[in-house]
Amino acid sequence: MKKICCFGMLYLLLGMVMLTAKADEAKLPDQKIIDQVKQGKLDKAPVSAWGFDPVDSTSQFQAAINSGVKTLIVDRQSTPWIVKPLTLKSNLELVFEEGCEVQAKKGEFHRVSDCLFSLQIVDNVVMRGLGQGAVLRMWKADYHTDAYKKSEWRHGISILSSSNIRIENLSIIDSGGDGIYLGVRKRSVHNEHIVIKNVVCDGNNRQGISVIDAVDMLIEDTIMKNTWGTAPQAGIDFEPNHESEAVRGCVMRNCVCENNKGSGYDFYLPNLSTCSGPLEITLENCASRNNEHSSIAMTIPNGPTKTMQGFVKFKNCVFENDLGGIMLQGFSTEGAKISFENTQMVWNMKNRENAKPSASKHAPITLQARADNSDQAGNIDFGNFSLEYDTDAPAVLFNDNAMSGLGLKKVCGHFAIKNAGKTSTLVLDDAWCAKNYPVTMTRHMKISDVTKMQFQPLDKQASRNAADSKKTPSLLRIRHNATWLCYAEKGETVNISFRMLPVGRSDPAEQPIEVIAPDGKKFKRFKMNPTFKADTDISWKAPATGMYRIITSTGSHSSSVTKSNVAIAGQGFPSFTLVSSRGKFFFHVPEGTKEFGVKIVGCGDERVKVILSDPSGKEVWNQDNISSVAAYFSEEGKAPAAGIWTIEFARPAQGVLEDFYVSLLGVPSVLSSCPKQVLTEKK
């Protein structure tokens, strides 16, 4: 009997200890501290003053953020802080105690843009860890299961249109998007005065850091590693979505990108333009190593209204055994200068387990003109460059995917090379460019400047009859700002329907539709319906006979014409920027045309199938899976058939049908969705 009592007392004591331990984990709010904060008597307080729940502290944490306290201490508890998405406010310093961990709550974050910490149009925010730092952790593997809708935007820290932000001494691990995302919440409101220092971005889904928009930004002593999940999977990616965004005054110092599934440093900038302001990026004492794509993958905008001024500088940087080496494309003799100073690069592929057999044919440094480029390629200074590599390819290779025949110019540098145990030097200058990549102008066809042309219907009566057709035309989906050309006679009532279709995840916005009269003056302004897939009907009475230009703006989305009672066509200069456009489209080859061409550019896994037919319906070109550059040229020395040609875009056998570019060479670059509404140049 006594033994039973002793055991009973023992179980009772153990139960009391367990209950006490559980009680220690959970904390009730400290009303005294909360009241003092409300009264303005305290400007510093721990988050736990608002309570702590080891299962879910979201309400307590968000209440502390909303309290208005100037400095909020994320105090270390016996278990991590478990939270749902949190939103920070302006004028807040969030200090994480050493060893503290904030975790995304498992089973939550189902919305595609749920982020651990969000900063939207805020000012003066600091997030910093003490001592050896703190951890922000999400659960990327969970987000890849069927329980979650696929998304690449569940970021660790999302900073949108905010200023004076400092992120320091934190590790951001396994986010469902980027470790840190610098994007836009309000058009033309930049992220300004951003400091990211002593941060580790480890194992994130899309990028360690994505820079969509930043003015005056410093990233220092930061590591971006082990990114995998959703392309591009880079250490860091500079990738603006719109010309209203900027990448200016951006400095990276003492940073490392390593073991990422994509590139170390990615710069995808073709969405910028001359109105974006100068391009200004500097990397100092930075390293890239063991990434599965390039050390540097850079695409610069190039061509009319696209060639930006400014610079991209690499100082005292080291690149070691990244599979893709250095890839630079789109650079222009008239645009931003790319320069290297005291660079060391090791690119030994033969003993790399994950190197493809074709790697032996690749150059460690590849320069490339994109298919939609119109400027001469050049303006790169490699400085003093130490290069060790083991393939049989040349150290520097240039690919003219623009097929312009303009060659390469203003590329210089002094290379000290170690290859297969042998040392040599290579001097790049204009003489080297002229010898290896001369101006040839072979099969060079100009892009007609349709912005200076006037057009009229090929058949006026047929264009009017086409308006009565109930057949839905193929949708020519032009991204960003699109220009549409239409012809109307004086007194005629013009009726056109436009439709905005989504690209990416950004919300639709009410965008302008501007109409420019034949005399070049703006005379009508409408608003695009901000609802995706809903038509916007516009109408006006033509004040004069001639061609009207209609400009639609859709941000990162696309616009299409769904109905028109007048002849109408999309304008592509220097090329059409299309997305997911399927079906047949039509253009006119005038009598007397000596030659013409069609150039198509895919984007890696974003591919397209193209079928081209002459006026008789005969198929003259059929090419599938266009992932980079493909072109059709009419037979040399033989005039192409005059009349209405048909170009059809279809889903590729491999990859996806998304972004691709189309250029018509030697003939006006205008495409119609209906053969009866084709426009031709008015002589």
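Please pick out the residue among 566, 561 that is open to solvent by less than 10 Å² (accessible area, probe 1.4 Å), of a type in the set (A, V, I, L, M) and either without any contact (Cβ under 8 Å) to a residue 60 or more places away in the chain or in contact with a strand residue (DSSP E or B) (Cβ under 9 Å, 6 or more places away or on another chain) (or both).
566
For the stretch 176-198, enumerate the residues that are within 21 Å of residue 254 (Cβ to Cβ) and β-branched (Val, Ile, Thr).
180, 194, 195, 196, listed by residue number.
Could you tell me which of the residues 274, 307 is in contact with a helix residue (DSSP H, G or I) (Cβ under 7 Å, 6 or more places away or on another chain) and open to solvent by 10 Å² or more (accessible area, probe 1.4 Å)?
That would be 307, the only listed residue that is in contact with a helix residue (DSSP H, G or I) (Cβ under 7 Å, 6 or more places away or on another chain) and open to solvent by 10 Å² or more (accessible area, probe 1.4 Å).
Right, residue 522: open to solvent by 40 Å² or more (accessible area, probe 1.4 Å), more than 16 Å from residue 501 (Cβ to Cβ) and either basic (Lys, Arg) or under 23 Å from the mean Cα position of the chain (by Cα) (or both) or not?
The answer is yes for residue 522.
How many residues, within the stretch 256-302, are more than 14 Å from residue 233 (Cβ to Cβ) and within 19 Å of the chain's Cα centre (by Cα)?
21
Report yes if residue 636 is touching a residue at least 24 places away in the same chain (Cβ under 8 Å), in a loop (DSSP other than H, G, I, E, B) and surrounded by fewer than 19 Cβ atoms within 10 Å (Cβ to Cβ), otherwise no.
yes
Given the criterion touching a residue at least 24 places away in the same chain (Cβ under 8 Å), open to solvent by 30 Å² or more (accessible area, probe 1.4 Å) and touching an Asp or Glu at 6+ places or on another chain (Cβ under 7 Å), identify the matching residue among 302, 316, 321.
Going through 302, 316, 321 in turn, the sole match is 316.
Is it fair to say residue 627 is of a type in the set (Ser, Thr, Tyr), within 30 Å of residue 565 (Cβ to Cβ) and modelled with pLDDT under 95?
Criteria not met by residue 627.
Yes or no, residue by residue, for (1) at pLDDT 65 or above; (2) in a strand (DSSP E or B); (3) surrounded by fewer than 16 Cβ atoms within 10 Å (Cβ to Cβ); (4) not small (Gly, Ala, Ser):
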position: 358; (1), (2), (3), (4): no, no, yes, no
position: 367; (1), (2), (3), (4): yes, yes, no, yes
position: 372; (1), (2), (3), (4): yes, no, no, yes
position: 388; (1), (2), (3), (4): yes, yes, no, yes
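For a quick check of your reading of the model, give me the residue pairs whose first member lies in the stretch 141-166 and is under 24 Å from residue 124 (Cα atoms) and open to solvent by less than 10 Å² (accessible area, probe 1.4 Å), whose second is part of a strand (DSSP E or B) and basic (Lys, Arg), with beta-carbon atoms closer than 9 Å and at least 6 apart or on different chains.
156/137
Quick one: is residue 60 open to solvent by 40 Å² or more (accessible area, probe 1.4 Å), farther than 17 Å from residue 127 by Cβ and of a type outside the set (Asp, Glu)?
no
Being acidic (Asp, Glu) and more than 17 Å from residue 372 (Cβ to Cβ) is the filter here; which residues of the stretch 638-668 pass it?
Residue satisfying the conditions is 648 alone.
Got a sec? Which of 99, 131, 107, 176 is modelled with pLDDT of 95 or more and touching a Ser or Thr at 6+ places or on another chain (Cβ under 7 Å)?
Being modelled with pLDDT of 95 or more and touching a Ser or Thr at 6+ places or on another chain (Cβ under 7 Å) holds for just one of 99, 131, 107, 176, which is 176.
Got a sec? Which strands (runs of 3 or more DSSP E) wholly within the stretch 580-622 have at least 2 residues that are open to solvent by 20 Å² or more (accessible area, probe 1.4 Å) and of a type outside the set (Gly, Ala, Ser)?
583-589, 608-613
Of all the residues that make up the stretch 468-482, how many are touching a Phe, Trp or Tyr at 6+ places or on another chain (Cβ under 8 Å) and either outside any loop (DSSP other than H, G, I, E, B) or buried (at least 22 other Cβ atoms within 10 Å of the Cβ) (or both)?
Residues that pass the stated criteria total 2.
Among the candidates 439, 411, single out the residue that is under 29 Å from residue 270 (Cα atoms) and assigned to a loop (DSSP other than H, G, I, E, B).
After applying the criteria, what remains is 439.
State whether one or more residues within the stretch 545-558 are assigned to a loop (DSSP other than H, G, I, E, B) and among the β-branched types (Val, Ile, Thr).
Yes, some residue in the stretch 545-558 is assigned to a loop (DSSP other than H, G, I, E, B) and among the β-branched types (Val, Ile, Thr).
Any chance you could count how many residues in the stretch 488-529 are in a loop (DSSP other than H, G, I, E, B), of a type outside the set (Lys, Arg) and within 20 Å of residue 580 (Cα to Cα)?
6
Hey, does the stretch 634-651 have a residue that's at pLDDT below 90, more than 35 Å from the chain's Cα centre (by Cα) and more than 18 Å from residue 575 (Cβ to Cβ)?
Yes, the stretch 634-651 has at least one match.
Determine which single condition residue 111 fails, assuming it passes every other condition in (1) within 19 Å of residue 64 (Cβ to Cβ); (2) open to solvent by 60 Å² or more (accessible area, probe 1.4 Å).
(1)
For residue 420, indicate whether it is modelled with pLDDT under 95, more than 32 Å from the chain's Cα centre (by Cα), of a type in the set (Gly, Ala, Ser) and exposed (fewer than 15 other Cβ atoms within 10 Å of the Cβ).
Yes.
Within the stretch 39-47, identify whether any single residue is among the β-branched types (Val, Ile, Thr), within 35 Å of the chain's Cα centre (by Cα) and open to solvent by less than 40 Å² (accessible area, probe 1.4 Å), and answer yes or no.
No, because not a single residue in the stretch 39-47 is among the β-branched types (Val, Ile, Thr), within 35 Å of the chain's Cα centre (by Cα) and open to solvent by less than 40 Å² (accessible area, probe 1.4 Å).
Select from the stretch 70-98 the residues that are in a loop (DSSP other than H, G, I, E, B), more than 24 Å from residue 161 (Cβ to Cβ) and out of contact with any Leu (no Cβ under 6 Å at 6 or more places or on another chain) and list them in ascending order.
Within the stretch 70-98, 75, 76, 77, 78, 79, 80 qualify.
Identify, please: which residue in the stretch 447-467 is in a loop (DSSP other than H, G, I, E, B) and modelled with pLDDT of 80 or more and is, among those, surrounded by the fewest Cβ atoms within 10 Å (Cβ to Cβ)?
Restricting to residues being in a loop (DSSP other than H, G, I, E, B) and modelled with pLDDT of 80 or more, the top hit is 449.
The values are calculated or read from the model by the stated rules, or taken from the named source; none is laboratory data. For clarity, every value in this text was computed on a predicted model and none was experimentally measured. Quick reminder, even Gly has a Cβ in these numbers, built from the backbone with ideal geometry, and neighbours come from all protein chains shown. SASA here: full protein model, heavy atoms, side chains in, ligands and nucleic acids out. Shrake-Rupley method; radii C 1.70, N 1.55, O 1.52, S 1.80 Å.
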